[in-house]
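Read the structure below first, then the notes.
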Amino acid sequence: MTCSLSQKPDPQSRYTLLVTQSENHGSYKVEFGDRDHANVYDATGNQLYQLTRL
């Protein structure tokens with residue numbers, strides 16, 4: 001599996017996350033609320049996950 005994150009955010013302050021495993025791939029948007037929190041969105045803008053660093 002490989003993951004890559006865009007170097008710069010889009011106009012909505014979200015980064016593009018590309019995930020690839022064999023022939024499967026997905027594209028997501030990631031928004032960092034602060035240093036310890038991130039939200040992951042699907043292509044239509046629906047929030048999928050809230051991540052918190054421990």
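Coordinate-derived values only; no laboratory data. Everything numeric in this text was worked out from a predicted model, so none of it was measured. Methodologically, a virtual Cβ is constructed for each residue, glycine included, from the backbone with ideal geometry; neighbour enumeration extends over all protein chains shown.
Were the residues from Lys8 through His37 laid out at 0.36 nm apart, the gain over their Cα-Cα distance would be 8.7 nm.
Its Cα centre serving as origin, the chain has a Cβ charge dipole (Lys and Arg +1, Asp and Glu -1) of approximately 120 debye. Applying the criteria of a DSSP loop state and at most 13 other Cβ atoms within 10 Å to the trypsin sites (Lys or Arg not before Pro) of the chain yields Arg35, Arg53.
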